[in-house]
Amino acid sequence: MNKPFYVHAEWDSVASVWVATSDEVPGLATEAETTEALVQKLKSLIPELLSVNDQLPVEPVTFELLTRRFELAA
């Protein structure tokens, strides 16, 4: 397996979406209402961005999605 690209996602409680970015994938900034929907977007977006930035990926492209969400427990 290839070294995974790390993608970070944080919950935006105001917009009610997960916002994903990555220091390893230039230009990556996207959002989705669920982590499942976010993963689907990332599966197509990451290879596209790598190609556009002349970082042709070795197939298949692997990525690790790290999520963070803060909540208050009452």
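The values are calculated or read from the model by the stated rules, or taken from the named source; none is laboratory data. Because the structure is predicted, anything quoted here is derived from the model rather than measured. All Cβ positions, even for glycine, are placed from backbone atoms using ideal geometry, and neighbour counts span all protein chains on display. The area values use the complete protein model at the heavy-atom level, side chains included, leaving out ligands, DNA and RNA. Shrake-Rupley method; radii C 1.70, N 1.55, O 1.52, S 1.80 Å.
Given the criteria modelled with pLDDT of 95 or more, open to solvent by less than 70 Å² (accessible area, probe 1.4 Å) and either touching a helix residue (DSSP H, G or I) at 6+ places or on another chain (Cβ under 9 Å) or assigned to a loop (DSSP other than H, G, I, E, B) (or both), does Ala15 qualify? Please lay out each step first, then the result.
Details: modelled with pLDDT of 95 or more: yes; open to solvent by less than 70 Å² (accessible area, probe 1.4 Å): yes; either touching a helix residue (DSSP H, G or I) at 6+ places or on another chain (Cβ under 9 Å) or assigned to a loop (DSSP other than H, G, I, E, B) (or both): yes.
It is true that Ala15 is modelled with pLDDT of 95 or more, open to solvent by less than 70 Å² (accessible area, probe 1.4 Å) and either touching a helix residue (DSSP H, G or I) at 6+ places or on another chain (Cβ under 9 Å) or assigned to a loop (DSSP other than H, G, I, E, B) (or both).
Residue-by-condition table, conditions (1) part of a helix (DSSP H, G or I); (2) surrounded by 16 or more Cβ atoms within 10 Å (Cβ to Cβ); (3) out of contact with any Ser or Thr (no Cβ under 7 Å at 6 or more places or on another chain); (4) in contact (Cβ under 8 Å) with a residue 40 or more places away in the chain:
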| site | (1), (2), (3), (4) |
| --- | --- |
| Ala9 | no, yes, no, yes |
| Val19 | no, no, yes, no |
| Gly27 | no, no, yes, no |
| Val39 | yes, yes, yes, no |
| Ile46 | yes, yes, yes, yes |
| Ser51 | yes, no, yes, no |
| Pro60 | no, no, yes, yes |
| Leu72 | no, no, yes, no |
